[in-house]
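The values are calculated or read from the model by the stated rules, or taken from the named source; none is laboratory data. Fair warning: this is a prediction, and the values are worked out from it, not measured in the lab. All Cβ positions, glycine included, derive from the backbone under ideal geometry; neighbour counts span all protein chains shown. Protein only, heavy atoms only, side chains kept; ligands, DNA and RNA dropped before computing areas. Shrake-Rupley method; radii C 1.70, N 1.55, O 1.52, S 1.80 Å.
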Amino acid sequence: MFDVKSLNYEMDTAGMSMNEVTNLHNQMFVTKDYDWWYDVLPDDLVVDIGAGIGMFSAKALDAGARKVYMIEPNKRLLKTACKNVSEHMFSQEEPKVLPIHAAMGRTDVDLSNIYKSASLIEDTEEPKLMSLPELIEYYDLKTIDFLKVDACGAEFNILHWEHRDFLLTQVRHIACRVYLSTQYGANQKFLDWRDQFLKVARDQNRLYFQDPTMIEKIFKNDWHKHVPMSFMVYIKNW
C-alpha cells in the first residue's frame, strides 16, 4: 500500500474553529460516516465532492485509490487539502489526485452555502458552478467506484433524479450527507428528491442508513417530525 499516511492527527486544518475540527474528527475517526458501509478499495476511482481540507481524500489515497477527484468550492480549503495529500500528488509518476476548484450543483442557489471566513479575502473568490453531468463529461468518467457528497444542501441537485440512471448503474457506492437547514425550501427539495430518487433506490434494495429505522421514517407523511436535520444516506450498487 503506502508508507505515508496522509490522514493523521497532524493535518493542516486551515484555521477552522475547535468545534469544526472536532466535528470533522468525529466524522472521520469515530462514527466513520463516509465509509460506514463501504471502504475505498485499492484501484478505486473516487470523487470527493465537498473535500474541505481533504480528510476523506487522504483516507481514500491511503487505501490505495488509483485516482481521486478532490472537489472543493473554497479555494483556501482546497489549497490546504492539496497540502494534506501532497505526498500522493508529487511522489508518483502520474498524480493520483486532481484538485478541482468548483461548486457542484445545478443552479446559483448551490453557490450559497460555501464555507467562508470574513477575515480571509481568499474565501470570497467565487468558484465556477459545475453539474454532475458536466463533471462526468469533462473528465470522461465512465464509472465511479466511490462518490462522496458533502455539499450543504446542494446534494439534491448533485444527486438529481435526472442523473439517476448513471448514479444507479455506473457508481458502485454513494455516501451522501443530507442537510435540511442550509437552503431555503430545503424540506420541499428533500421531499421531491425522496420521491424521485431515493424511492427508486429503495425499491431496488440499494438504499441504506446507519439507523435502519430511517427508511420507514423518511417515507412517512409526517417525515419531518421523525428525521434529523442532518444525516447520512448510502446507496449500494453492487
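Charges only on Cβ, +1 for Lys and Arg, -1 for Asp and Glu: so what's the dipole of the chain about the Cα centre, in debye to the nearest 20?
560
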Accessible-area order for His160, His25, His88, His224, largest to smallest, probe 1.4 angstrom, reads His224, His25, His160, His88
Whole number please: convex hull volume per residue of the Cα set in the chain, in Å³?
-> 127
Roughly how many nanometres apart are two label points built 7 Å out from the Cα toward the Cβ at Phe90 and Asp108?
-> 3.9
Checked segment 148-209 with the C-alpha gyration tensor, a ≥ b ≥ c its square-rooted eigenvalues, rounded below a/c of 1.5, otherwise prolate if a/b is larger than b/c and oblate if not; verdict prolate
Under Karplus coefficients 6.51, -1.76 and 1.60, residue-wise ³J(HN,Hα) of segment 5-18 in Hz, glycine/proline x | 10, 6, 7, 8, 7, 9, 4, 6, 9, 6, x, 5, 6, 4
Which whole-Hz ³J(HN,Hα) couplings does segment 199-207 yield from phi under the Karplus relation 6.51 cos²θ - 1.76 cosθ + 1.60, θ = phi - 60°, glycine and proline marked x?
-> 4, 5, 4, 4, 5, 9, 6, 10, 9
Scan around Val97 for amide H atoms under 5 Å from its own, H built in the peptide plane at 1.01 Å from N, and keep only partners 5 or more places away or cross-chain.
-> Val68
For Lys59, go through the lysines and keep the ones whose alpha-carbon is under 25 Å away, minus same-chain ones fewer than eight residues off.
-> Lys5, Lys32, Lys67, Lys75, Lys79, Lys83, Lys96, Lys116, Lys142, Lys148, Lys236
Under the Karplus relation 6.51 cos²θ - 1.76 cosθ + 1.60, θ = phi - 60°, what is the ordered set of whole-Hz ³J(HN,Hα) values for segment 166-181, x standing for Gly and Pro?
-> 5, 5, 9, 10, 10, 10, 5, 8, 10, 10, 10, 8, 9, 10, 10, 9
Student exercise, segment 174-218 dipole from Lys, Arg, Asp, Glu Cβ charges, in Debye to nearest 20 | 80
Give the Rg (one decimal place) followed by the Dmax (whole number) of segment 127-169, computed from C-alpha coordinates and expressed in Å.
-> 10.4, 30
